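This report concerns only the one structure given below.
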Amino acid sequence: MAGRMRDDRDRDSEFVDKLVHINRVAKVVKGGRRFGFAALVVVGDQKGRVGFGHGKAREVPEAIRKATEAAKRSMVRVPLREGRTLHHDVAGRWGAGRVVLRAAPAGTGIIAGGPMRAVFETLGVQDVVAKSLGSSNPYNMVRATFDALKGEDSPRSVAARRGLKVSALQSRRRDAVGDAAAVDA
């Protein structure tokens, strides 16, 4: 029994969680107001896996705990280039929230707004430029970011899907960029 508890603790310690937003709501009842809390939490292993969760309870710690458990259940894997940035630029949307994520050279850092920054820090991305357009609602921004990250694809998976080698795929890309430069000149 003690071994299993230690395994659970070890498994939990590999994850980093960030509290993105807490919302307090009041229900007016006969004796006054009853407060409830909703928490939005992002959890990741800083190696390419990330998830978000939403939890509601009468107390803040309980809402955070529920949100963290939900985030661990909803984790997705995102392919990263060199373990530090995205493979390509991508856009995502959820409701009125729209985000644009761009790959960045080494040393750029995380240039992103609050809720998106939490996602990138827990994901393990070190260099990215992100812009939020439209809604600044944290729930919509996080969901739009996850929508964009689901569109992220590695050259290896694209090559496998097309039945090519990665080197052939990248040489085609270089040829296309060279042709475009020749046309501009």
Practice problem: Return the inverse of the average 1/r over all pairs of distinct C-alpha atoms in the range 100-144, which is the Kirkwood hydrodynamic radius, in Å to one decimal. | Solution: 10.6
Practice problem: Using only Cα atoms, tell me the angle between helix 2-13 and the longest principal axis of the chain; keep it within 0 to 90° and round to the nearest 10. | Solution: 60
Quiz prompt | Pairwise centroid distance, computed over Cα atoms, of the range 58-119 with the range 10-53, Å | solution = 15
Exercise. Let me have the 222 nm mean residue ellipticity of the chain computed from DSSP H runs of 4+ only, each contributing -39500 (n - 2.57), with the sum over all residues rounded to the nearest 500.
Key: -13000 deg cm²/dmol
Exercise. Would you calculate the volume per residue, in Å³, of the smallest convex hull containing every Cα atom of the range 16-80?
Key: 65
Practice problem: In debye, nearest 20, what is the charge dipole magnitude of the chain about its Cα centre with +1 on Lys and Arg Cβ and -1 on Asp and Glu Cβ, if you could check? | Solution: 780
Quiz item: Mind checking which lysines have their C-alpha under 21 Å from residue 27, skipping anything on the same chain fewer than 8 residues away?
Solution: 56, 66
Practice problem: Might you tell me the accessible area per residue for the range 24-155, computed with a 1.4 Å probe and given in Å²? | Solution: 51
Self-check item: Environment charge at residue 144 (Cβ cut-off 13 Å; Lys +1, Arg +1, Asp -1, Glu -1)
Solution: +4
Practice problem: With an 8 Å cut-off on Cα pairs and a minimum separation of 6 or more residues, tell me the relative contact order of the chain in percent. | Solution: 17
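The values are calculated or read from the model by the stated rules, or taken from the named source; none is laboratory data. Computed from a predicted structure; not experimentally measured. Because the Cβ atoms are built from the backbone with ideal geometry, glycine has one as well, and the counts that use them run over all protein chains shown. Side chains included, ligands, DNA and RNA excluded: accessible areas come from the protein's heavy atoms. Shrake-Rupley method; radii C 1.70, N 1.55, O 1.52, S 1.80 Å.
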